[in-house]
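Have a look at the structure below before the remarks.
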Amino acid sequence: MKALLLVDKEKFQMTDMPIPEVGANELLVRVKTCGICGSDVHGYDGSTGRRIPPIVMGHEAAGVVERVGADVRRFQVGDRITFDSTVSCGTCAYCRAGRINLCDNRRVLGVSCGEYRQHGCFAEYVAIPQHIAYRLPDALSFEHAAMVEAVSIALHAVSRSAPALGDSAVVIGAGMIGQLLVQALRAAGCGTLIAVDLDNTRLDRARQFGADHVFNAKSPDLIASIKSLTDEAGAHAAFEAVGASESIAAAISSVRKGGKVTLVGNLSARVDLPLQNVVTRELTLLGSCASSGEYPACLDLMGRGKIDVQSLITAVAPLEQGPQWFSRLHRREPGLMKVILSP
């Protein structure tokens, strides 16, 4: 099969690789689409240490079942599917409790981090365990299905915070996940919804997706403006989708006493934390990692038009054009959001 192999920092090679073997409980999937995630771009430049070459990256994918293992009963050849990016074991205590994103034996498709190497979906085929797969509704295109993983991250973060109907919320960072958080919070019935980012184009898009108010993060009156919209108390909840000290501090300052701050961004390994601001106002800090069973809800919301992914897709391109698109995304070319590759 053809595959896009990361062979060195910022260097790809289109190569031939063996088609993966299929175990008794596995599916061989012919990949139709695979989105380029921000984490893939960080893997491309070597900044995270979680895409050690050589590795076939890619985990936001959809395709068609090409072959089934001997013990597979839930799927058959020809089924249109998407699948979780997390390869969970299904047997550890966390998996048995339904917290598959915390699996003790967790692997992520397209990741090579020293502990393991799990080739991903920037290739014609990938083998996956059947328990991480989900059938696609007939009306959902493969291009849209490649967005389900990103949507699931947003839905999981919202479920972690569990906002009450009418609660106010702030989204710090209006990139891909931030835009989906805005939509997920609107679908969850939030009241006043505020988006914050450094890019005014992204803020305009967040407003189109349901944000009532948008603010540039550079505004010296940012926190005061948020408080003025929330009875001078601050928002009930904030969602930080960047992963940097400044944006986390802004999220913490934007909520009221007893409020919740959900940390979704994962850009920096360590950040500064305004500890007294958290402790004295008795805030709840929540980490949110990947997703944990939200795929059916994502497919339902997308199918009913409650979450729009089409507006976030910049381009669908052949796999061979992957190196050029990675380079453009790495340069942070203005206006780019989601690029989907098709093997």
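The values are calculated or read from the model by the stated rules, or taken from the named source; none is laboratory data. Please read all numbers here as calculations on a predicted model, not as lab measurements. Glycine gets a Cβ as well: all are built from the backbone with ideal geometry, and neighbour counts include every protein chain shown. Keep in mind that these areas ignore ligands, DNA and RNA; they rest on the heavy atoms of the full protein, side chains included. Shrake-Rupley method; radii C 1.70, N 1.55, O 1.52, S 1.80 Å.
For region 1-57, what is the charge dipole size about the Cα centre, in debye to the nearest 20, if Lys and Arg each add +1 at the Cβ and Asp and Glu each add -1 at the Cβ? Don't skip to the end; give the middle numbers.
On the way: 7 positive and 7 negative charges, 23 e Å.
Using Cβ point charges on Lys, Arg, Asp and Glu, region 1-57 gives about 120 debye.
Extent along the principal axes, Cα only, for the chain: 60, 40, 38 Å, with the longest axis given first. Between PRO296, VAL279, VAL316, whose Cα lies farthest towards the positive end of the dipole of the chain when Lys and Arg beta carbons carry +1 and Asp and Glu beta carbons carry -1, centred on the Cα centre? With unit charges placed on the Cβ atoms, the residue in question is VAL279.
Can you work out D for region 1-149 in µm² s⁻¹ from Stokes-Einstein, where Rh is the Kirkwood radius over C-alpha pairs, the temperature is 10 °C and the viscosity is 1.306 mPa s?
Values: Rh = 15.6 Å.
My calculation gives 102 µm²/s for D.
As an exercise, use a Förster radius of 45 Å and the Cβ-Cβ distance of ILE313 and GLU232 to find the FRET efficiency, rounded to the nearest 0.05. Present the calculation step by step, with values, prior to reporting the outcome.
On the way: r = 40 Å, r/R0 = 0.88.
The formula returns an efficiency of 0.70 here.
Amide H to amide H distances under 5 Å link VAL316 with ILE340, where only residues 5 or more positions off or on other chains count and H is placed in the peptide plane.
Counting only protein heavy atoms and a probe of 1.4 Å, the accessible surface of the chain is 48% carbon and sulfur. Region 298-312 and region 231-273 have Cα centres lying 26 Å from one another.
Here's the picture: charge each Lys and Arg Cβ at +1 and each Asp and Glu Cβ at -1 in region 84-166, and of HIS119, LEU109, VAL87 the one pushed furthest to the positive end of that dipole is VAL87. Overall shape: prolate for region 1-79, with the ratio a/c of the largest to smallest alpha carbon gyration tensor axis at 1.5 or above and a/b above b/c. The mean accessible area for residues of the chain, using a 1.4 Å probe and ignoring ligands and nucleic acids, is 44 Å² per residue. With the charge dipole of the chain set up from +1 on Lys and Arg Cβ and -1 on Asp and Glu Cβ about the Cα centre, the Cα lying farthest toward the positive end among the listed residues GLY259, THR201, MET176 is that of GLY259. A cut-off of 5 Å between modelled amide H atoms, ignoring neighbours fewer than 5 places along the same chain, links ALA235 with VAL255, ARG256. Rounded to the nearest whole Hz, the Karplus-based 3J(HN,Hα) values (6.51 cos²θ - 1.76 cosθ + 1.60, θ = phi - 60°) of region 108-113 follow the sequence 10, 4, x, 10, 9, 10, with x at glycine and proline.
Could you give the size of the charge dipole of the chain about its Cα centre, using +1 on the Cβ of each K and R and -1 on the Cβ of each D and E, expressed in debye and rounded to the nearest 20? Don't jump to the answer; show the numbers that get you there.
Working: 35 positive and 35 negative charges, 54 e Å.
Taking the Cα centre of the chain as origin, the dipole is about 260 debye.
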